[in-house]
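Since the structure comes first, as structure tokens, the remarks are kept for the end.
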Amino acid sequence: MKFLNRLERKLGRYAVPNLMLYMIVLYGAGFLLSQMMPGFYQTWLDLDVYRILHGEVWRLITFVLQPPSNNPFWVILELYIYYSIGRSLENMWGAFRFNVYYFSGLLFQIISAFVFYGIACLIIGQGMVYINMEGIGSMFYVNRSMFLAYFVMIPNATFLMFFLIPVKAKWLGIIYGALMVYEAIWNITNKGIIVGGAYALAIVISVLNFIIFFFSTRNYRRISPSEMKRKAEFRRKMHDAKWESGNVVEFRGRNVITRHKCAICGRTELDDDSLEFRFCSKCEGNYEYCSDHLYTHEHVRRVKGNTEE
């Protein structure tokens, strides 16, 4: 991270602000091109390592034109999601750091394609057909690494899966990670240890920017036994304080600590999700009331150490 800070001080002025807007324009152009000239992208623009090694070096740049789908509805939806997530990451990190993350993803994608091609050529031969490249030669893992970074940065953000089911970002991140592990295992199982292992290695290289980001942002500070004991004791005291607060009710056959409890009727948020609770500023003491009794209760007064209502 210190290296990145020094790099930002030197090169930060060259960062491209609102980078995802330009990428969305390129994706859109690639989609229009695929509709007007089907097959042109695969013939002249994709990340075909064999043709790059035979002089078509422009493919190192033009492969970014690959549209996420050929369906207009899904293209619009995915481009909107890409833009929203990219802008969120840029707002959190700044333009320079987001540029570094995204462009390093592109670089690792290219490296992964060359690594996979090189290993596969040793096994299959230089006449390897394009289909063996599959997702390695596309923008798929570049965008996936952006999603993974977003899930780590904002784990409690909510997505509507299938437009109906609310799912927190951290669970989607776990699903994404599990799918990548499954892809690696499936390829090793079905394509052999060498070719399948090469594909799995290429997947890891493709999201190496995320792996570097994830481990560089973890807190590896060693916690001493005394500090662990102090934290455990603090959690125990906080738990005991909640039980002593009186917000303990029986719910479905067991005692449950609630966040809110009406001082008049005793109802909690477990009784009705629509109930609202407020503390009364005129009562002397921490008395909380539900919306039905907030304005109808008698205020609590403390006189010479006694409580009167």
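Quick notes on this structure:
- Residues of the range 34-46 that turn out to be surrounded by fewer than 17 Cβ atoms within 10 Å (Cβ to Cβ) and under 19 Å from Leu60 (Cβ atoms), as a count: 4
- Some residue of the range 12-32 being charged (D, E, K, R) and more than 24 Å from Ala113 (Cα to Cα): yes
- Checked against (1) in a helix (DSSP H, G or I); (2) in contact (Cβ under 8 Å) with a residue 40 or more places away in the chain, Pro67 meets all criteria but (1).
- A residue that is of a type in the set (A, V, I, L, M, F, W, C), in a helix (DSSP H, G or I) and without any contact (Cβ under 8 Å) to a residue 24 or more places away in the chain occurs somewhere in the range 16-25.
- Glu276 vs. criteria open to solvent by 90 Å² or more (accessible area, probe 1.4 Å) and at pLDDT below 60: no
- Set side by side, the residues Ile61, Ile76, Ile24, Ile81 differ, and just one is out of contact with any His (no Cβ under 6 Å at 6 or more places or on another chain) and either of a type in the set (Gly, Ala, Ser) or open to solvent by less than 40 Å² (accessible area, probe 1.4 Å) (or both), which is Ile24.
- Looking only at residues in the range 264-273 that are modelled with pLDDT under 80 and surrounded by 12 or more Cβ atoms within 10 Å (Cβ to Cβ), the one that is nearest to His299 (Cα to Cα) is Glu269.
The values are calculated or read from the model by the stated rules, or taken from the named source; none is laboratory data. None of these values were measured; they are calculated from a predicted model. All Cβ positions, even for glycine, are placed from backbone atoms using ideal geometry, and neighbour counts span all protein chains on display. These accessible areas exclude ligands, DNA and RNA; they are computed on the full protein's heavy atoms, side chains included. Shrake-Rupley method; radii C 1.70, N 1.55, O 1.52, S 1.80 Å.
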